[in-house]
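S.K.: Can you read through this structure? Questions will come right after.
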Amino acid sequence: MSYFVTGGTGFIGRNLIDQLLNRRGTIHVLVRKGSKKKFNALVAERWPDQSNRVVAVSGDLTRSSLGVSSAQMEALTGKIKHVFHLAAVYDLAASAESQEQVNIDGTQNAMDFAAGVGAKCFHHTSSIAAAGLYEGTFREDMFDEAVGLEHPYFRTKHESEALVRRRCPIAWRIYRPGIVVGHSKTGEIDKIDGPYYFFKLIQRLRRSLPPWVPTLGLEGGRINLVPVDYVVRAMDHIAHKPKLDNTCFHLTDPNPKRIGEVMNLFAEAAHAPLMSMRIDARIFNFIPQPIKHGIGMLPPVRRIISQVLSDLGIPRDILSFFNYPTRFDTRETDRALKGSGINVPPLEDYAWVLWDYWERHLDPDLFIDRSLGGQVRDKVVLVTGASSGIGKATALMMARAGARVLLVARKEDELQQAQSEIESEGGIAFAYSCDLADHEAAEQLCKRVLKEHGAVDVLVNNAGRSIRRSIALSYDRFHDYERCMQLNYFGALKMIMGLLPTMAERKSGHIINISSIGVLTNAPRFSAYVASKAALDAFARCAAAEFNDTGVAFTTINMPLVRTPMIAPTKIYESVPTITTEDAADMVKQAVIYRPQRIATRLGIFASVLHALTPKISEIVMNSAFRMFPDSSAAKGESPSRAESRATQEQMAFASLMRGIHW
């Protein structure tokens, strides 16, 4: 007994061949000429001990009689008993033209081939999509009752099945699988489809929230999922059972779960928060269609939806099937499989296997170059305040990743030292001495940089000045506020204004502003510093909105307390937790790779949320810290004392609890 399989290199096809190899006979597989090497590699990897039984037949699904040569047709005539037609487009996002060519024309060509070689039975793999959006239970003997076939995928699957029913010249059997997911034992699958589209959302929820936090979700219709191993075992068994010709079989779950239940099963498998409260999506049906359509056509709404769906990798069409209305009767299949031990396993038994395989093999992030080198190699990165601290650590990191680093700082000797250090490691660096508080000098620097390098790809606004002094000691020191604003805000702004036009013109660029956790926590004693950084944060938010569609990104990093020369005058910081300059540079690295609008510590975000929800409580916490940590001797205009650098146990405990916040 010999077999012929179209789509044998596809996901379901490979698994079906696994089953057919348990029987006797040769398995002939339709393979395009350009895919012969890929097919040979698959045979060598998957069926090395039975490679003589899996034979490639050159052809093309879109050509008459599958494009198989007359000599090959003659050689196969009388030898093929079963033709399994699995080749099809299983993609909601595919073009209508490609689906018609493959799903409809390809089916006709496969039937012509089967009749031409004298096959005994044509096994057509259809889909539950052939029922369209039928409301209620769709039986296996139903076909013309299908409704809601406007979508190309539904329509072409329905029309290809119609060809088999009405024109197939030999006996046929039709299989309508549900949404086929990975193998229930191994999790193996070769592409993202169906529920997998929502895995990235679940993953992001897991990264954002502890698993015990209840979340709100949507409840939709019942989604019929079946693992590939059930589908191919059922097909193999039914195909070889006598007296079942000209019958359709639903390879579906007799007890499908609702979308909300399915999402929670995968969330549980991912150790992500569960949707404890689910709103039935049908409630939106009460909104008049013209209103929904009008809201959906608003440009901001369309862009937001497109951006969210794009970030999560969810096709827009998938949302229209959220309230899927059809259930599937399986009486014929149950009768055919009776006594075989072949059943649909419950999803809760293998959901974790599917999740694990997706996260290790199919997560889209695995295929994106997330290395720093992949983002900055051979690009121009300008770092201000690059002679020491965060700036120097960032410049070294960028140079090691292959960037052309422009070092900007006031002190020329330290700047030259940083340049020499980079060049000694084989990096490329250019030093520019400039006081960014001098706005004329900053403007001339931008002009010089653009003249010598053409453009800047990444600007890291790191140069800054910090002053730790309570407001009560600052009544006669208005110049403290002016100095902070002059460098931290206006100096950074001069660099942005000087380099941004070229970025916008090239539709590419990234501006990273090193801000402070103090902006989120409203740190006392840092009113001058925090106000200047808050001004830069606000500017970046406005600029990000204006340049969102230009290819230029703005990222604000609310940096926690870093052990740099800037904090050295405050001796008490020698006894409180800080991060290293290398840790700070890693935050810049994340900004370059992922280009988020903000990077902050969880404590910083928590403090910001606390202030937004309960500002008085936040104020009390900050005031307690203000009273606990005194002004330094330098802030009072006094000589430093030895006792000043020794933190009390109470201060150390509080600083450890509020790790990274400036006190």
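S.K.: Out of the residues in the range 94-144 meeting the condition of being part of a strand (DSSP E or B) and within 34 Å of the chain's Cα centre (by Cα), tell me which one is nearest to residue 76 (Cα to Cα).
M.R.: In this case the residue turns out to be 125.
S.K.: Collect the residues in the range 41-73 that are polar (S, T, N, Q), surrounded by fewer than 14 Cβ atoms within 10 Å (Cβ to Cβ) and part of a helix (DSSP H, G or I), keeping them in residue-number order.
M.R.: 50, 51, 52, 64, 70
S.K.: When you go through 593, 605, 599 one by one, which is the residue that is surrounded by 13 or more Cβ atoms within 10 Å (Cβ to Cβ), modelled with pLDDT under 80 and out of contact with any Pro (no Cβ under 7 Å at 6 or more places or on another chain)?
M.R.: 605
S.K.: What are the pairs with Cβ atoms under 6 angstrom where one residue, in the range 362-377, is under 24 Å from residue 395 (Cα atoms) and the other, located anywhere, is of a type in the set (Val, Ile, Thr) and in a helix (DSSP H, G or I)? Sequence gap at least six, or different chains.
M.R.: 370/593; 375/592; 375/593
S.K.: Moving on. Out of the range 465-516, which residues are part of a helix (DSSP H, G or I), in contact with a Gly (Cβ under 6 Å, 6 or more places away or on another chain) and not hydrophobic (A, V, I, L, M, F, W, C)?
M.R.: Matches in the range 465-516: 488 only.
S.K.: Please determine, by comparing only the residues of the range 10-30 that are assigned to a helix (DSSP H, G or I) and either of a type outside the set (S, T, N, Q) or over 17 Å from residue 125 (Cα atoms) (or both), which one is nearest to the chain's Cα centre (by Cα).
M.R.: My answer is 11.
S.K.: Next question. Taking the condition more than 24 Å from the chain's Cα centre (by Cα) and of a type in the set (S, T, N, Q), does residue 264 pass?
M.R.: Taking the combined requirement at face value, the residue does not satisfy it.
S.K.: Please list, ordered by first then second residue, the pairs with beta carbon atoms under 9 Å, 6 or more apart or interchain, first in the range 448-477 and closer than 23 Å to residue 385 by Cβ, second aromatic (Phe, Trp, Tyr) and at pLDDT 90 or above.
M.R.: Qualifying pairs under 9 Å: 448/432; 449/430; 449/432; 452/430; 453/430.
S.K.: Look at residue 528 and say whether it is touching a Lys or Arg at 6+ places or on another chain (Cβ under 9 Å) and either surrounded by 20 or more Cβ atoms within 10 Å (Cβ to Cβ) or touching a residue at least 12 places away in the same chain (Cβ under 8 Å) (or both).
M.R.: yes
S.K.: On the given criteria, is residue 272 crowded, with 17+ Cβ neighbours inside 10 Å, in a helix (DSSP H, G or I) and modelled with pLDDT of 70 or more?
M.R.: Judged against the criteria, residue 272 is not a match.
S.K.: Taking the range 231-263 as the region of interest, how many residues are at pLDDT 95 or above, in a helix (DSSP H, G or I) and β-branched (Val, Ile, Thr)?
M.R.: 3
S.K.: Condition check: touching a Lys or Arg at 6+ places or on another chain (Cβ under 7 Å), of a type in the set (S, T, N, Q) and closer than 18 Å to residue 120 by Cβ. Does residue 77 satisfy that?
M.R.: No; evaluated as a whole, the condition is false for this residue.
S.K.: Something else now. Quick check: is even one residue across the range 99-109 touching a helix residue (DSSP H, G or I) at 6+ places or on another chain (Cβ under 8 Å) and of a type in the set (Ser, Thr, Tyr)?
M.R.: yes
S.K.: Of 523, 544, 534, which residue is in the same structural domain as residue 599 (by TED's automatic domain parsing) and modelled with pLDDT under 90?
M.R.: Going through 523, 544, 534 in turn, just one is in the same structural domain as residue 599 (by TED's automatic domain parsing) and modelled with pLDDT under 90: 523.
S.K.: Give all pairs with beta carbons closer than 6 Å in which a residue from the range 36-65 that is in the same structural domain as residue 26 (by TED's automatic domain parsing) meets a residue that is loosely packed, with under 14 Cβ neighbours inside 10 Å and of a type outside the set (A, V, I, L, M); count only pairs at least 6 apart in sequence or on separate chains.
M.R.: Short answer, once both residue conditions are applied: 43/51; 58/33.
S.K.: Which one is surrounded by the fewest Cβ atoms within 10 Å (Cβ to Cβ) among residues in the range 446-464 that are in a helix (DSSP H, G or I) and touching a helix residue (DSSP H, G or I) at 6+ places or on another chain (Cβ under 8 Å)?
M.R.: The qualifying residue surrounded by the fewest Cβ atoms within 10 Å (Cβ to Cβ) is 447.
S.K.: Which residue pairs have Cβ atoms under 6 Å apart, sit 6 or more places apart or on different chains, and have a first residue in the range 191-206 that is on the phi > 0 side of the Ramachandran plot and a second that is buried (at least 19 other Cβ atoms within 10 Å of the Cβ)?
M.R.: 194/179
The values are calculated or read from the model by the stated rules, or taken from the named source; none is laboratory data. What you are looking at is a predicted structure, and each value in this text was computed from that prediction instead of being measured. Virtual Cβ from ideal backbone geometry, glycine too; neighbours counted across all protein chains shown.
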